[in-house]
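Student: Mind having a look at this structure? Questions to follow.
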Amino acid sequence: MSRAVELVDQLKALEAEALEEVARQEDAEGLESIRISYLGRKDGRISGILRGLGGLDPSERPRVGAEANRVKGSLQEALERREERLAADEEAGGAKVDLTLPARQEWVGGRHPVTRVVDELVEIFRGLGFTRARGPEAESEWYNFVALNTPLDHPAADEQDTLYLKGGYLLRSHTSPVQVRVMENHKPPIRVLAPGMVYRRDSYDATHTPAFAQLEGLVVDEGITFVDFKATLAEFARRYFGRGARVRFRPSFFPFTEPSAEVDVKRVVHRPDGSTEESDWLEIMGAGMVDPAVLESAGIDSERYTGFAFGMGPGRIGMLKYGIPDLRLYLDNDVRFLRQFAGR
Ligand code: PHE
């Protein structure tokens, strides 16, 4: 083999070795030392090979010189590309991109299950002639208690049960203050639904959370009776829980309604084998005929107008509708739970 061919082969082998080292290198300093060790003018390995040029027949020198330049160029370029790659990786938070990994599944978010229940309830009541109303979450004692016929020394207004803010304000403990705000600003006939968050100094367990959604309903007009009250809520229950659903009114007490009731629902559950079964009674709301004192404090003539009101818990209604065993599931933010509602 001629000396020139030998040198060309050496250059090629050196190139292969150098490219492999570059590919394995993980930091910029490493790349610099590779550059010095191969391309360094004095002690670089390519210069070392070129030192053999002197012993060659002059006609063979250009061939070896050309190969040396090609190898230098190829190595130079490989070093630059690797350097850019490392810089880009670093910018990406040091993440190494592995193109062989399976693609991440497409994930389309959905409404929160409680939001879905609220939307469904609002839709049903819209069909019964209700429109949406809203009020502030930071509420005054007047709207949250006093205007609702609840004196401030009533147990509900106790520090133990209520989250007070500065200056006579508090996080509303129910959505009922919206009743008063609506009555102050609108003349009967009134048919509104007010969804929103409410807050109580409560434990955090399967059936209580210190923050939860409520849905307030209010109807005020001439000639509204207990019949309208019962019929409206029974019709709502059938539309939401299915035809076989039944409601039960248990006598209760709220300062702002008289008479008052707790409303329970029992629904028909369809089992996978086609048979049916009735659920237990589950309490879904507090309700009653609007107390005349509440109408009067909002400036409505209680001799002429009557009405009914209700406050339900969409979270509990969702528990009944979807068989959710624990209120905390709504707040854990566990996607395995939440995604079951994404398509609904
Ligand atoms: N505000 C009551 C509660 O939070 C529920 C309710 C609303 C009762 C309207 C009667 C009328 O418990």
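Student: Can you run down the residue pairs with Cβ atoms below 7 Å, 6 or more apart or on separate chains, where the first is in the range 303-318 and among the charged types (D, E, K, R) and the partner is within 14 Å of the ligand (Cβ to nearest atom)?
Tutor: Hits for this filter: 316/284.
Student: When the range 290-310 is examined, which residues are found to be open to solvent by 20 Å² or more (accessible area, probe 1.4 Å) and either near the ligand (Cβ under 10 Å from one of its atoms) or of a type in the set (Ser, Thr, Tyr) (or both)? I'd like the intermediate steps shown before the answer.
Tutor: Restricting attention to the range 290-310, the residues satisfying the condition of being open to solvent by 20 Å² or more (accessible area, probe 1.4 Å) are 291-293, 296-297, 299, 301-306.
Across the range 290-310, the qualifying residues are 291, 297, 302, 305, 306.
Student: Quick one: is residue 175 under 24 Å from residue 291 (Cβ atoms) and within 24 Å of the chain's Cα centre (by Cα)?
Tutor: So residue 175 fits the description; yes.
Student: Okay, moving on. Check whether at least one residue in the range 255-263 is part of a loop (DSSP other than H, G, I, E, B), touching a residue at least 12 places away in the same chain (Cβ under 8 Å), within 12 Å of the ligand (Cβ to nearest atom) and in the same structural domain as residue 119 (by TED's automatic domain parsing), and report yes or no.
Tutor: If we filter the range 255-263 for residues that are part of a loop (DSSP other than H, G, I, E, B), which is where we start, we get 255-256.
Remaining after also requiring touching a residue at least 12 places away in the same chain (Cβ under 8 Å): 255-256.
Now drop any that are not within 12 Å of the ligand (Cβ to nearest atom), which leaves 255-256.
Still in the list and also in the same structural domain as residue 119 (by TED's automatic domain parsing): 255-256.
Checked the range 255-263: at least one residue is part of a loop (DSSP other than H, G, I, E, B), touching a residue at least 12 places away in the same chain (Cβ under 8 Å), within 12 Å of the ligand (Cβ to nearest atom) and in the same structural domain as residue 119 (by TED's automatic domain parsing).
Student: For the condition open to solvent by 50 Å² or more (accessible area, probe 1.4 Å), without any contact (Cβ under 8 Å) to a residue 60 or more places away in the chain and more than 36 Å from the chain's Cα centre (by Cα), what is the one hit in 250, 271, 238?
Tutor: On the way: 271 fails: more than 36 Å from the chain's Cα centre (by Cα); 238 fails: more than 36 Å from the chain's Cα centre (by Cα).
After applying the criteria, what remains is 250.
Student: Still on this structure, please answer the following. Which of (1) open to solvent by 60 Å² or more (accessible area, probe 1.4 Å); (2) modelled with pLDDT of 90 or more; (3) touching a Pro at 6+ places or on another chain (Cβ under 8 Å) does residue 202 not meet, given it meets every other one?
Tutor: (2)
The values are calculated or read from the model by the stated rules, or taken from the named source; none is laboratory data. Being a predicted model, the structure only gives us computed values, none of them experimental. Because the Cβ atoms are built from the backbone with ideal geometry, glycine has one as well, and the counts that use them run over all protein chains shown. Side chains included, ligands, DNA and RNA excluded: accessible areas come from the protein's heavy atoms. Shrake-Rupley method; radii C 1.70, N 1.55, O 1.52, S 1.80 Å.
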